[in-house]
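Worksheet: the structure to be examined is printed underneath.
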Amino acid sequence: MRSFEVVSPFKPAGDQGEAIAALSDGIKAGNKYQTLQGVTGSGKTFTMAKIIEAVQMPTLVVSHNKTLAAQLYREFKSFFPHNAVEYFVSYYDYYQPEAYVASRDLYIEKDASINAEIERMRLSAARSMMEREDVIIIATVSCIYGMVTPDVYKKMTATFSKNETIDVDSLIRRFVELQYERNDAVLERGRFRRRGETLEIFPAYMEEAYRVDLDWDRVERIRRFNPVSGEYLEEIDRALIYPAKQFVMPAETIQNTLGTIRDELEKQLEFFKSSGKLMEADRLKTRVEYDIEMLTEMGYCPGIENYSALLANRKPGESPDTLVDYFPKRHLTFIDESHVTLPQLGAMYAGDRSRKQSLVDYGFRLPCALDNRPLRYDEFVERLDKAVFVSATPGKTEIEQSANVVQQLIRPTGLLDPLIEVRQSEGQMEDIYGEVLKRIKAGERSLILTLTKKMAEDLTDYLTGLGLKVRYIHSEVETIECVEILTQLRQGDFDILVGINLLREGIDLPEVSFIAILDADKIGFLRSLTSLIQIIGRAARNAAGKVIMYADKMSDAMEKAIAETNRRREVQMAYNQKHGITPETVKKAIADILTRHTEEAEAAAAENIEVLKKSFNILIPAQRKQLIKILETEMLEHAKNMEFEQAAVIRDEIAALKS
């Protein structure tokens, strides 16, 4: 195997070296769980990379959302240019799962928009696990959802070699079995074509295609080429083609399973009829028989994953194979932002089970659909070999399970945790006004955190009335617009950003030197110890960072957050004094916040959707197209907020406009 090698101009600084050594030694000593408690800006990602280099183990890094996963992917990709760094997140830009709302007798059909590039990267990750050991996969919690078993995936391949005699028709049938489509006119990803004595295939997980020159049934030459320019990249002796889809099964397995599907159908029909549920029985019979017919004729059907337990010959309740099962027994897992990621991992199973149980109870799916599911938390941790929890604020679970808790408090830039003051709520608006004016004069930015959306909007109006440049963010502001707002804040288009809890994990705003926390003493999630420490960390990228908590009393969470911050400051100040370090504000390119697609940017910049709906003439193609684009944006937002009924209504409206 190729060795993991970090390529970086940086060397471990501060207490990174101690953290790397302690955690690496713990992994080698056999500790299953350890924790890296690193403050914001201390270079936890670099520490993780150096640990991988030290222990030389295939690695899974799990993050709690796509944006943070993308940031980690870019960083690890730069640290390990000679190794396989892959990205494995949900490939849906928009996903509305199949559901049934019994109280309204409303069936919502599965609908999704697949991001072709992310699908390619997922397939690339699976392929790398088959071929290499020097693999690092950056994933979200979607990695605990079922996949085809590694053994089946490894067998579901097509291979051909130079000078080999092959049956071309059999090879083409194999491509079709692997879910590749034949298109002799256009060669696109996931397709193949034959033109005379030339066979071309564009693997779904690659950015290049293969061209096979034939001399009757003999493979004369195999070349890898750019499918856009046609430029030849290299000539090779052998090509191995993996499936074009995430879920594929051998044709004989599908045919052999049809009898099992019919048996389960008969049992469920008998149950429904004995219970007097004739409508459910009729509905289930129609749906499953249609799927069986599709599987018989095509070897595939929409929703084939709902039969995955039967196809894989799993017993009822038995856990599915997931991405974790593609890793060898000896591997390393980092749970990034573990205080958020672990609860997400634990919650996935129950939500999925509840939705599918309704589908089974009302005759939309067979009971085997319940086993097309994510792992339970205990099943996930059971599969882990060695794991490191990474967080500035690890929870009780991480601390109790860890054989070793390593703190990383020193930032390479010498920056200290911000100063914290507590001030009375009375007169807080006047006080905040004076504080933000100081930052504006210094060319710095400010954040103000409220408890409710209404407070955020009212405070924005109030400060705007005083002549200040202010914007707000809360959950009703679209994600893409949030990115736009954060970019504008960093650029200095406005000076003050008001928000609720959207400014905590994973957002780097070096220009922010002042944070005001309103109602800091209120008991609840938004003012818990973890939340307060994460909020305070947003001001730790600026040498002049300061946090003021406005409260009428001192809560337990406030006391602990202030004590922990002051403890860290003392350690950091002592280190700086010992090594003669002067803190410097982080310099970071503004474009680093998020890379956006042009179409999404155009949609986010559109005027108010409701107003635009009334102003379009759908008989004019250009206006109809623009309206559809806006409706799609609204549909995606509803789906993201789990508002599936509203998303379904908009989906139907879009379909009507397109037809």
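Condition (residue is touching a strand residue (DSSP E or B) at 6+ places or on another chain (Cβ under 6 Å), farther than 17 Å from Glu264 by Cα and at pLDDT 90 or above) applied to region 356-367: is it met by at least one residue?
The answer is yes; a qualifying residue exists.
Quick one: Asp519 ticks every box in (1) at pLDDT below 90; (2) open to solvent by 10 Å² or more (accessible area, probe 1.4 Å); (3) part of a loop (DSSP other than H, G, I, E, B) except a single one, so which number is it?
Checking Asp519 against (1) at pLDDT below 90; (2) open to solvent by 10 Å² or more (accessible area, probe 1.4 Å); (3) part of a loop (DSSP other than H, G, I, E, B), the one that fails is (1).
For region 183-234, which residues satisfy the criterion of being over 19 Å from Ser161 (Cα atoms) and of a type in the set (S, T, N, Q)?
Asn183, Asn226, Ser229
Of everything in region 1-26, what is in a helix (DSSP H, G or I), touching a residue at least 40 places away in the same chain (Cβ under 8 Å) and either charged (D, E, K, R) or touching a Gly at 6+ places or on another chain (Cβ under 8 Å) (or both)? Give them in sequence order.
Hits for region 1-26 are Gln16, Glu18, Ala19.
With the requirement that a residue be part of a loop (DSSP other than H, G, I, E, B), over 23 Å from the mean Cα position of the chain (by Cα) and over 15 Å from Glu289 (Cα atoms), what does region 353-373 give you?
Across region 353-373, the qualifying residue is only Tyr362.
Within region 388-413, take every residue that is hydrophobic (A, V, I, L, M, F, W, C) and closer than 30 Å to Thr585 by Cα and give me the one that is most open to solvent (accessible area, probe 1.4 Å).
Filtering region 388-413 for residues that are hydrophobic (A, V, I, L, M, F, W, C) and closer than 30 Å to Thr585 by Cα, the one most open to solvent (accessible area, probe 1.4 Å) comes out as Val405.
For region 436-460, how many residues are part of a helix (DSSP H, G or I) and either buried (at least 19 other Cβ atoms within 10 Å of the Cβ) or of a type in the set (Gly, Ala, Ser) (or both)? Walk me through how you get there before you give the answer.
Looking only at region 436-460, we keep the residues that are part of a helix (DSSP H, G or I), and these are 436-441, 453-460.
This time we only want the ones that are either buried (at least 19 other Cβ atoms within 10 Å of the Cβ) or of a type in the set (Gly, Ala, Ser) (or both), so: 436, 439, 456, 459-460.
Residues in region 436-460 being part of a helix (DSSP H, G or I) and either buried (at least 19 other Cβ atoms within 10 Å of the Cβ) or of a type in the set (Gly, Ala, Ser) (or both): 5 in total.
Among (1) surrounded by 12 or more Cβ atoms within 10 Å (Cβ to Cβ); (2) farther than 19 Å from Glu181 by Cα, there is one condition Gly259 misses while meeting the rest; what is its number?
(1)
For residues that are free of Cβ contacts under 8 Å to residues at least 40 places away in the same chain and either within 21 Å of Gln246 (Cα to Cα) or open to solvent by less than 50 Å² (accessible area, probe 1.4 Å) (or both), tally how many sit in region 182-206. Can you show your working first?
Of the residues in region 182-206, the ones free of Cβ contacts under 8 Å to residues at least 40 places away in the same chain are 182-186, 188, 191-200, 202.
Next cut, either within 21 Å of Gln246 (Cα to Cα) or open to solvent by less than 50 Å² (accessible area, probe 1.4 Å) (or both) only: 182-183, 188, 191-193, 198-200, 202.
Looking only at that region, the number is 10.
Being among the hydroxyl-bearing types (Ser, Thr, Tyr) and part of a loop (DSSP other than H, G, I, E, B) is the filter; apply it to region 180-225 and report the residue that is nearest to Arg122 (Cα to Cα).
Quick first cut of region 180-225, residues among the hydroxyl-bearing types (Ser, Thr, Tyr) only: 180, 198, 205, 210.
Subsequent filtering for residues that are part of a loop (DSSP other than H, G, I, E, B) retains 180, 205.
Details: Tyr180: 16, Tyr205: 8 Å.
Residue satisfying both the conditions and the ranking: Tyr205.
Would you please name the residue that is nearest to the chain's Cα centre (by Cα), looking only at residues in region 75-119 that are under 28 Å from Lys629 (Cβ atoms) and of a type in the set (D, E, K, R)?
Within region 75-119, the match that is nearest to the chain's Cα centre (by Cα) is Asp93.
Name the strands (runs of 3 or more DSSP E) wholly within region 80-120 that hold at least 3 residues that are crowded, with 19+ Cβ neighbours inside 10 Å and at pLDDT below 85?
Numbers: elements: 84-88, 92-96, 99-101, 106-108, 111-114.
Output list is empty.
Inspect region 262-276 for any residue being surrounded by fewer than 20 Cβ atoms within 10 Å (Cβ to Cβ), touching a helix residue (DSSP H, G or I) at 6+ places or on another chain (Cβ under 7 Å), polar (S, T, N, Q) and in a loop (DSSP other than H, G, I, E, B) and give the result as yes or no.
No: zero hits.
Which pairs have Cβ atoms under 9 Å, sit 6 or more apart or on different chains, and link a residue in region 292-304 that is without any contact (Cβ under 8 Å) to a residue 60 or more places away in the chain to one that is open to solvent by 20 Å² or more (accessible area, probe 1.4 Å) and acidic (Asp, Glu)?
Partner pairs satisfying both residue conditions: Cys301/Glu293.
Among the candidates Leu123, Leu178, which residue alone is open to solvent by less than 20 Å² (accessible area, probe 1.4 Å) and closer than 30 Å to Ile51 by Cα?
Going through Leu123, Leu178 in turn, the sole match is Leu123.
The values are calculated or read from the model by the stated rules, or taken from the named source; none is laboratory data. Since the structure is predicted, the reported quantities are computational estimates derived from the model, not experimental observations. Cβ sites come from the backbone with ideal geometry, for glycine too, and all protein chains shown count toward neighbours. Heavy atoms of the whole protein, side chains included, go into the accessibility calculation; ligands, DNA and RNA do not. Shrake-Rupley method; radii C 1.70, N 1.55, O 1.52, S 1.80 Å.
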